[in-house]
1. What list of ³J(HN,Hα) values in whole Hz, one per residue of the range 35-44 in order, does the Karplus curve 6.51 cos²θ - 1.76 cosθ + 1.60 (θ = phi - 60°) give from phi, with Gly and Pro shown as x?
2. Using the per-residue mean of other Cβ atoms lying within 10 Å as a proxy for protection, in what order, highest first, do the peptides 91-103, 108-120 fall?
3. Binning at 5 angstrom from zero up to the longest distance, how are the C-alpha pair distances of the range 104-235 distributed in percent?
4. With a point put 7 Å past each Cα toward its Cβ, work out how far Glu2 is from Glu139 in nm, to one decimal.
5. Could you calculate the contour length gain from Arg16 to Thr29, that is, 0.36 nm times the residue separation minus the distance between their Cα atoms, to one decimal place in nm?
6. My understanding is that a pair violates if its Cα-Cα distance is over 32 Å; which of Lys82/Lys183; Lys20/Lys127; Lys105/Lys127 do that in this structure?
7. If you average the sequence gap of Cα pairs under 8 Å that are 6 or more apart and divide by the length of the range 49-163, what percent do you get for the contact order?
8. Which value, in Å³ per residue, describes the convex hull spanned by the Cα atoms of the range 110-182?
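Bear in mind these aren't lab numbers, they're just calculated from the coordinates by the rules spelled out. Since this is a predicted model, take the numbers as computed values, not measurements. Glycine also receives a Cβ, built like all others from the backbone with ideal geometry; neighbour counts cover every protein chain displayed.
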Amino acid sequence: MERLDKFLCDSGVGSRSQVKLVIKAGRVTVDGAVQGDASRKIDPQQQEICVDGERLGGKRRLVVMLNKPAGYLTATQDRQDKTVMDLLPEDLRRQGLNPVGRLDKATEGLLLFTNDGDLLHRLISPKKEVPKVYYARHEGTATEADVAVFAAGLTLGDGTVCLPAVLEPLGEGESLITVCEGKYHQVRRMMASRQMTVQYLERRKEGNLELEGLPRGEIRILTEAEVTELEKSSL
C-alpha cells in the first residue's frame, strides 16, 4: 500500500504540489470514485487509478536499489539459502521484481531490481557497455603491468575472454575495478589471475548510480529522473 499522491508523482503526473492541485480539482478517481484525499492509501495492483479518465498503474515500472550485505544469494528463490528477495519489503516482492545481474554470496554493495524486462536485459548486456565499479581488498598490490593487462582484456585460465577493464590501484592491497560485463565471479577471477586473491568485494557504482548514502541491507526506489539517466547509460 502507498499514498495516492506519491503514486501519482511516481507515475509522472507531476510534482507533489502539482499532484495535490490535480487531486483537489477532482480529476483523480480510485475505482471510479472521485478521490480528494491525497494521503489515502491505495494498492495500484488491485485498484484502478485514473487521471482525467486515463488509467494509471496496473504494473508500474519500478527500479529498486539495494545495498546488499554478504550472505545472501542473488536469486529469486532458493530452498536452502537466504536470497536478496528476502531483503525487499512484502509489497515490493509482489511487483514482479527481478535482480539485475548477479552479485555472489560473499560480495556486498549495489544491486538493482526491476520489473522492466527490457531495461534489465540492456543493463546486463556487454554490448551496452554499462560500467560497474567495484572496490576490492586483496592480496598484493596492483602494478602498472596489471593495469595494462586489464586494459587490454585478459584471458582467464579456463579460456574465458574478458573485455577490456579498468584497474585503478588505491595503494597496498586495495583497488577499484571497472567492468562492463558480468561473467561468473569475473572480478574475483580476473584479480586471481594476476596473483591478487580478493578478500573483500563491494560494488559501488552501476551506470550513473552510486551506492553512497544507502546503509547496508537497505533499499530505495529510484526516482523517474534516475531511471531516465540509467536508461541513457544502456542505450
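1. 10, x, 9, 5, 8, 4, 7, 10, 10, x
2. Per-residue Cβ counts within 10 Å, averaged per peptide and sorted highest first, yield 108-120, 91-103.
3. All Cα pairs considered, the percentages come to 2, 10, 20, 22, 20, 13, 9, 4, 0.
4. Those two pseudo-labels are separated by 4.7 nm.
5. Length gained between Arg16 and Thr29: 3.0 nm.
6. Distance filter (> 32 Å) returns Lys20/Lys127.
7. Values: 121 pairs, mean separation 25.0, N = 115.
Over the range 49-163, the number comes to 22 percent.
8. Here the figure is 105 Å³ per residue.
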